[in-house]
Amino acid sequence: MIRQPLVHLASPSRDAYRVDGFRFQTQDKKDSQTSVAIVSGLNGHELAQMHVAAQLVNFLKVRQEADPSFITGDILVVPAVNSFGFNMGERHWPLDKTDINAMFPGYDAGETTQRIAHQLFKQVKGFEWGVELEDRRDQYDCIPYVRMIKSGFEDAQAAKYFGLQFAHYRDFVPSDAGSLQYNWSVWETKSYGLVFGNKQQIHRDSTHQLLDALIRFLAKVGAIRTQIFAGYDTNIVTQEAITLIPAQHAGVFEPIQIVGSFVQKGDLLGKVFDALDGSLKEKIYAPVDGLVTCHYHYPLIYQNTIAYRMISIG
Amino acid sequence: MLETLVSIELPVGEHYYLKRHRFTPVDVSADNGKRISIISGTHGDELEGIYVISLLAEWLKANPSLITGTIDLYPSLNSLGIDSITRTVPFYQTDLNRIFPGTAKDTFPNQIAAGIVEAIQGSDIAIDIHASNIFLRELPQVRIASTYRDSLVPLAKQLNMDFIWVHDAITVLEATLAHSLNQLGTHTLVVEYGVGMRLTPTYGEQLLDGLFNLMAEQGILAIAPRSVRVPFYSDQGEVYYVNSPAAGLFVPAMDHCQMVVKDQLIGHIHDPYGVESPVPCYTPGAGVLFTLREYPIVYEGSLLARIFDDQKGVCV
Ligand SMILES: [Zn+2]
């Protein structure tokens, strides 16, 4: 393992800004040589994402030390890009509040976060595979899933290598234009977003689940030599399979069904109570049969906000 | 007439209301059928537009017989943000001007965006007033995506602004209010001036004159057109950027919006500990300094100034 400095920037007052990557490369010319970049923590709230990436670094390091032939490709893991944000509970770049993950491919003569994106992208482009670990930007608790953006350079079948329950295969939207995942695909890296975790929290179970998914992926593309349990036979889901279920009223939201539940049409999903007099304002029912993929997870909900997301097959 | 167009229930005993103040002709036969919407407060830390709109409302209340079209005023779209010095939509931390056209059944910011588009669409003209942010001070200017150059530049010239900046169409800007409205056939001009969290009353009064002139030219007010400034126009030169070469404290050595010559000192970047000597920064060419950094703390890359000219150079 080599620890590589990828980005460096002086600060006005605080410590210098640094982004480090961890590189694992086979020395054996007969190996696959496939290359994978895994980038995490582009936003400072993505604690679970950083932790999974760091656990992966540790796993690869221990296994490589025990068996030098374990690594069969070229793997770069970047656990935390917005370390300044992590150190102060800020999602975005702390001075100007811009989103590093909206600045790719970056610009070396531009604004600060464009320069950061430029320095980072120089180091993470050109890989055969790119995986971005990400949280949901909104207030939802979701089943971990793979996100693919239609770009003409995605490999939908390989999304199954992670072995997660489903992969969301969606159209490009304008806000994707500056994201790492999208820009990877523009530069001909097959890229995936792994979306999981609750904002600013780390859960042990999902850490293990996602660590397994990354190891499975690395094994299937031929970057490491290992045995691992098979995961799910991933369902690739497009927009038509998704049902959005809003709360008609605002108040205190109580989810009843947890994510991962299979429910039938008419099942009670959640309740909304008046925040002040405590009366029950609304019961939210499943409009279709299907799998609960996400629910709103903050206790207070605004009117017409999506309370549940479900997917249905067939 | 103050109207409530959208009502969204908030969790604890409050509503978000999208309100507009609508002025129509007293004498219906005087109505030329045109409708203009004047908008501000998409970003909660931008207050310049609120001032102009309040001045305009005062004038319209005092001169109802001069109104010959429909004038809709929307001063505070992101009202929770305006009342709390929050640029984004509070709680969601969403930039409202990056999620248009929005959707009615989705997050709070998306509902607001959808409500705004629904309310304003059908207007002939919309003026979306922005005030930069807390970092940069801007000369009064109109920004136009090149896609809409032909229809919007003639209108922009009526607005008494100093600068018309036609920029390339960028994918991320497809999610702005102006883009959504232009797509729906409302000629929408983005006006930008001043600085975030502050008021620059002289600029506000300059825009007010421009609005009077535009509405006179469009037959929405029965008044004589005002004499307006001839703006400089980005197609006849080049905009270039001066980004900070170092981290530290930026101390400007010149005033905003003045004519500058090449190699003039813009300011210094000071090292707070004084280990490094202050780094001087010079103008790359002659022209008008239409953007100047207001907030002193900078990293490498922070924008210090923008100059409009046809020459190009480098900041050292
Ligand atoms: Zn603005």
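For segment B:121-141, a residue qualifies if it is assigned to a loop (DSSP other than H, G, I, E, B), more than 14 Å from chain A (Cβ to nearest Cβ) and within 14 Å of the ligand (Cβ to nearest atom), and exactly one does: B:ALA131.
Total residues in segment B:97-120 satisfying the condition of being away from the ligand (no atom under 15 Å from the Cβ) and either without any contact (Cβ under 8 Å) to a residue 24 or more places away in the chain or under 27 Å from B:ASN243 (Cα atoms) (or both): the figure is 8.
Mind checking which residues of segment A:151-170 are modelled with pLDDT of 95 or more and over 16 Å from the mean Cα position of the chain (by Cα)? Scanning segment A:151-170 gives a single hit, A:ALA158. Of the residues B:TYR74, B:TYR51, which single one is open to solvent by 50 Å² or more (accessible area, probe 1.4 Å), within 16 Å of the ligand (Cβ to nearest atom) and within 19 Å of the chain's Cα centre (by Cα)? Unique residue meeting the criteria: B:TYR51.
Looking across segment B:168-198 at every residue that is within 15 Å of the ligand (Cβ to nearest atom) and open to solvent by 20 Å² or more (accessible area, probe 1.4 Å), the one that is nearest to the other protein chains (Cβ to nearest Cβ) is identified as B:VAL172. Just checking, does segment B:110-122 include any residue being surrounded by 21 or more Cβ atoms within 10 Å (Cβ to Cβ), farther than 20 Å from B:ILE50 by Cβ and in contact with a strand residue (DSSP E or B) (Cβ under 7 Å, 6 or more places away or on another chain)? Yes, because at least one residue in segment B:110-122 is surrounded by 21 or more Cβ atoms within 10 Å (Cβ to Cβ), farther than 20 Å from B:ILE50 by Cβ and in contact with a strand residue (DSSP E or B) (Cβ under 7 Å, 6 or more places away or on another chain). The residues of segment A:1-31 that are within 14 Å of another protein chain (Cβ to nearest Cβ), open to solvent by 90 Å² or more (accessible area, probe 1.4 Å) and not in a loop (DSSP other than H, G, I, E, B), listed by number, are A:HIS8, A:ARG18. Could you tell me which residue of segment B:1-47 is surrounded by the fewest Cβ atoms within 10 Å (Cβ to Cβ), considering only residues that are more than 23 Å from B:ILE129 (Cβ to Cβ) and among the hydrophobic types (A, V, I, L, M, F, W, C)? Of everything passing the filter in segment B:1-47, B:VAL28 is surrounded by the fewest Cβ atoms within 10 Å (Cβ to Cβ). The set of residues in segment B:167-211 being under 22 Å from B:PRO154 (Cα atoms) and among the hydroxyl-bearing types (Ser, Thr, Tyr) consists of B:THR176, B:SER180, B:THR186, B:THR188, B:TYR193, B:TYR203. Does A:GLN201 fit the bill of being surrounded by fewer than 17 Cβ atoms within 10 Å (Cβ to Cβ) and within 30 Å of B:ASP95 (Cα to Cα)? Yes.
Hey, does segment B:72-93 have a residue that's assigned to a helix (DSSP H, G or I) and of a type in the set (Lys, Arg)?
Checked segment B:72-93: no residue is assigned to a helix (DSSP H, G or I) and of a type in the set (Lys, Arg).
Just one of the numbered conditions (1) of a type in the set (Gly, Ala, Ser); (2) within 10 Å of another protein chain (Cβ to nearest Cβ); (3) over 26 Å from the mean Cα position of the chain (by Cα) is not true of B:SER277: (2). Applying the criterion of at least 1 residues that are within 14 Å of another protein chain (Cβ to nearest Cβ) and among the acidic types (Asp, Glu) to the strands (runs of 3 or more DSSP E) found wholly in segment A:208-314 leaves A:251-255, A:280-285. Residues in segment A:99-117 that are open to solvent by 40 Å² or more (accessible area, probe 1.4 Å) and more than 22 Å from A:LEU194 (Cα to Cα): A:TYR107, A:ASP108, A:ALA109, A:GLU111, A:GLN114. All conditions in (1) closer than 24 Å to B:TYR51 by Cβ; (2) away from chain A (no Cβ under 14 Å) hold for B:VAL230, with the sole exception of (1).
Yes/no per residue for (1) within 24 Å of B:SER234 (Cβ to Cβ); (2) in a strand (DSSP E or B); (3) at pLDDT below 90:
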residue: B:PHE250; (1), (2), (3): no, yes, no
residue: B:MET254; (1), (2), (3): yes, no, no
residue: B:HIS268; (1), (2), (3): no, yes, no
residue: B:PRO284; (1), (2), (3): yes, no, yes
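The values are calculated or read from the model by the stated rules, or taken from the named source; none is laboratory data. Here the structure is a predicted model, which is why all the values come from computation and not from measurement. Here the Cβ is made from the backbone with ideal geometry for all residues, glycine too, and neighbour counts use every protein chain on show. All accessible areas refer to the heavy atoms of the entire protein, side chains included, with ligands and DNA or RNA removed. Shrake-Rupley method; radii C 1.70, N 1.55, O 1.52, S 1.80 Å.
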